[in-house]
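Comments concern the structure below.
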Amino acid sequence: MCHRRPPTAPTPVWQGGSSRKRSSGRRERYGLPAAAVAMAAPAPGLISVFSSPQELGASLAQLVAQRAACCLAGARARFALGLSGGSLVSMLARELPAAAAPAGPAGLARWTLGFCDERLVPFEHAESTYGLYRTHLLSRLPIPDCQVITINPELPVEEAAEDYAKKLRQAFQGDSIPVFDLLILGVGPDGHTCSLFPDHPLLQEREKIVAPISDSPKPPPQRVTLTLPVLNAARTVIFVATGEGKAAVLKRILEDKEANPLPAALVQPHTGKLCWFLDEAAARLLTVPFEKHSTL
C-alpha cells in the first residue's frame, strides 16, 4: 500500500544556483543582438545552458524535486514522472536522491514513475532502461514498486506495447490520455527522441498511447515507446542534451524551420511547458537567445 503524508512546500527551481551576473541576480541572456532576434525564428521553449553536465544535472534534480513538491501540494496530491535512458541514468542517479530526500518515504510513495521508451530485453540486460534505473537510482530513491510502471519484457513486442498502455491507463485513471507532470527526454544526433526516429511511420501515430517498434535503426531493434500524443499532453517536458555531438542537431531543431521536422522538434506540448537543458558544448552553435546558468 502506498501511504500519504501532508503536502510538502515547494522549493525554488534554481535553489542553490546563481547566475553569472551575481550583482543583478539575473540569468545571462546570450545569442543574437536585439535587432536580429526579432527576425529570428522563435526558440521552442526556454533554453537553459550550463557550463558542465555536472551543473546541469544538479539543476535538473532540483527542478524535479521542486515540480514534485508542487504536485504533491496540489489537488491531485501525486507526481507523475516519465524518464528516458542513456546518459540521463547516471546524471539522475548522481543528483536526484539527495534533491528528493526532503520528501521522505511518504512523499515518494506518491510518485508515479514511467519510462518514455524501453528496449525489449530482460531487465538484467545492459540495454534495459528500467534495469539501469533499478540498479543505479531506484536502489537509493525508494519509490514503491507499485508506483513504478514497466513493460513486460517476456511478451512479444506488440503485446508488450499493449500491456504497457494498459498499465498506464490504470495509473492515469480519469485521463483520456496519460498526462505526465514531467517528462525528461533525450535527443539523439539524428534528432530522434524516445524511440521515435526520423521518417518513421510512428511519427504519424495519433491513436495509440504506446507503440511497438520492430525496426529501430538503433539497436536493439525491438522497442516500446510513448507516442507523440502522450509527449505533447505532458504538463512539462524537459529535453536534456550534452556534448559537442549534439550541437548540429540542436541547431536544426531549435533554429531551422524544416518542412519535415525531426522527431524532437515535433514535441510541442499543447498546454504544457517545454524546456531545454544543455551544456555549453551542446549549445555552441546556437544563435537564438538562451539563458546561461551556473550553480557555482
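The values are calculated or read from the model by the stated rules, or taken from the named source; none is laboratory data. Since we're looking at a predicted model, the values are computed, not measured. Cβ coordinates were reconstructed from backbone atoms using ideal geometry, including for glycine residues, and neighbour counts include every protein chain displayed. Heavy atoms of the whole protein, side chains included, go into the accessibility calculation; ligands, DNA and RNA do not. Shrake-Rupley method; radii C 1.70, N 1.55, O 1.52, S 1.80 Å.
Values as computed for the structure displayed
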quantity: Gain on full stretching of the segment that runs from residue 270 to residue 52 - 0.36 nm per residue minus C-alpha separation; calculated: 75.4 nm
quantity: Cα-centred dipole magnitude for the stretch 46-293, charges only on beta-carbon of K, R (+1) and D, E (-1), debye, nearest 20; calculated: 740 debye
quantity: Positive-end residue of 101, 165, 220, charge dipole of the stretch 46-293 with Cβ unit charges; calculated: 101
quantity: Anchor residue 166: lysines whose Cα lies under 18 Å away (excluding residues fewer than 8 positions away in-chain); calculated: 208
quantity: Residue-normalised accessible area of the stretch 44-158, expressed per residue, 1.4 Å probe, Å²; calculated: 35 Å²
quantity: Spin-label model distance (nm) - residue 87 vs residue 176, 7 Å beyond Cα toward Cβ; calculated: 3.9 nm
quantity: Positive-end extreme of charge dipole, the stretch 46-293 - chosen from 61, 268, 85 (charges on Cβ); calculated: 61
quantity: Cα-projected label distance for residue 190 with residue 257, points at 7 Å along beta-carbon direction, nm; calculated: 2.8 nm
quantity: Alpha-carbon spread of the stretch 103-180, three principal axes, descending order, Å; calculated: 37, 34, 16
quantity: Along principal axes, Cα extents of the stretch 46-293, largest first, whole Å; calculated: 45, 41, 35
quantity: Residue 199-residue 154 FRET efficiency (beta carbon distance; Förster radius 35 Å; 0.05 resolution); calculated: 0.70
quantity: Set of lysines with alpha-carbon distance to residue 246 below 25 Å, sequence-local pairs under 8 removed; calculated: 218, 257, 273, 292
quantity: Eligible aspartates and glutamates near residue 251 by straight Cα distance, threshold 14 Å, same-chain separation 8 or greater; calculated: 190, 279, 280
quantity: Accessible-area composition of the stretch 46-293, carbon plus sulfur, in percent [1.4 Å probe]; calculated: 52 percent
